[in-house]
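Please read the structure below before turning to the comments.
Values in this text are rule-based calculations from the coordinates and carry no lab data. Computed from a predicted model, the values in this text were never measured in an experiment. With ideal geometry, Cβ positions are generated from the backbone for all residues, glycine too; neighbour counts draw on all protein chains shown.
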Amino acid sequence: MRLAAKSIIVTGAGSGIGEGIALRLAAEGARVIVNDINPAAGERVAQAIRDAGGQARFFCADVTRSGDVQALVAQAVAQHGRLDAVVNNAGWTHKNGPLLDVDEATFDRVYDINVKSIFHMVHAVVPLMRSKRKGVILNVGSTAGIRPRPGLTWYNSSKGAVNLMSKSLAAELGPDNIRVNAICPVMGATGLLEQFMGMPDTPENRKKFIGTIPMGRLSTPLDIAKAAVFLASDDAEFITGVEFPVDGGRTV
């Protein structure tokens with residue numbers, strides 16, 4: 001197993017991409033702290049991991065709150081005796097549409113969940129990782145921060161911040177042997193798909209977006225999870241500061 005006994009936090013793991021990542025990390029031997037703001041969803045994922053023979057515990061925390069993130073990290077250390085990696089997956093978007101239709105409260109929520117949450121996590125985990133001189137931080141960015149689509153300006157910019165932040169963190173934390181990478185999925189069939197499309201999720205509407213992806217399909221949580229396993233594992237021990245597209249060629 002590529003992640004045997006590693007202690008890993010996955011935020012926003014109660015559904016979608018985060019759920020897929022948590023399940024796959026556990027299948028590779030990781031001891032997973034499943035984080036979500038929805039207790040029922042998070043407990044369901046943690047139980048699914050245990051039912052499959054893996055190790056997981058759920059911890060409810062709001063990643064936009066520093067105290068919650070500190071408590072989440074403390075729980076991982078208390079449970080496993082250490083923390084090897086974190087996957088900052090929790091994310092949010094506004095509805096696809098004219099940029100002036102997005103109000104300030106929505107903008108703030110997108111940035112709080114997508115960007116500020118990583119600020120909180122870095123403050124919580126870097127002292128621990130520095131003390132061990134080893135650690136992995138994976139941030140779920142997006143192809144939206146590399147090749148933006150119209151109608152998602154504020155979301156695109158938040159993911160551009162995640163992508164660039166990951167590179168800058170990698171440059172600063174490299175001497176501490178802490179690796180930081182951004183996984184950049186293309187649009188996938190998750191609970192936010194209709195928000196990204198700005199229209200009902202119908203076969204006809206999906207076809208419009210799938211037509212922009214050379215490999216001819218949307219991403220799946222498993223696609224992103226496989227990338228997370230690799231980047232969290234020792235197989236990637238000399239890889240840091242990378243924007244890792246999982247996009248079927250969208251950013252070519």
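Summary of computed values
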item: Close Lys-Lys pairs in the chain, where close means Cα under 18 Å and separation is 8 or more or interchain; result: 9
item: Amide N proximity, the stretch 26-52 versus Asp201 label position 7 Å along Cα-to-Cβ, cut-off under 11 Å; result: none
item: The chain, relative contact order [Cα under 8 Å, separation at least 6], %; result: 21 percent
item: Structure-derived Cα extents along the principal axes in Å: which label, when the choices are [x] 62, 47, 43; [y] 61, 38, 34; [z] 49, 39, 34; result: [z]
item: Fully extended contour minus Cα-Cα distance, from Glu172 to Cys60, at 0.36 nm per residue; result: 37.3 nm
item: Inter-probe distance in nm under a simple model that places probes 7 Å from Cα toward Cβ, at Arg109 and Thr220; result: 3.0 nm
item: Cut-off 12 Å between beta-carbons: net charge of the residues surrounding His80, Lys and Arg +1, Asp and Glu -1; result: +3
item: Packing-based ranking, highest mean first, of 244-250, 157-163 given that Cβ atoms within 10 Å are counted; result: 157-163, 244-250
item: Separation of the Asp101 and Ile210 label points, Cα + 7 Å toward Cβ, nm; result: 2.5 nm
item: Positive-end residue, the stretch 63-117 charge dipole about Cα centroid, Cβ charges, pick of Ala90, Asn114, Ala71; result: Ala71
item: Simple label model, 7 Å out from Cα along Cβ direction - Ala52 to Glu194, nm; result: 2.8 nm
item: Quotient of Cα Rg and 2.2 N^0.38 Å for the stretch 1-46, N being how many residues it contains; result: 1.04
item: Net charge of neighbours whose Cβ lies under 14 Å from the Cβ of Pro214, counting Lys and Arg as +1 and Asp and Glu as -1; result: +2
item: Value at 222 nm in deg cm²/dmol, rounded to 500, when DSSP H runs of n ≥ 4 in the chain each add -39,500 (n - 2.57); result: -13500 deg cm²/dmol
item: Translational diffusion of the stretch 3-120, µm² s⁻¹ [Kirkwood Rh, Cα pairs; Stokes-Einstein; 20 °C; 1.002 mPa s]; result: 147 µm²/s
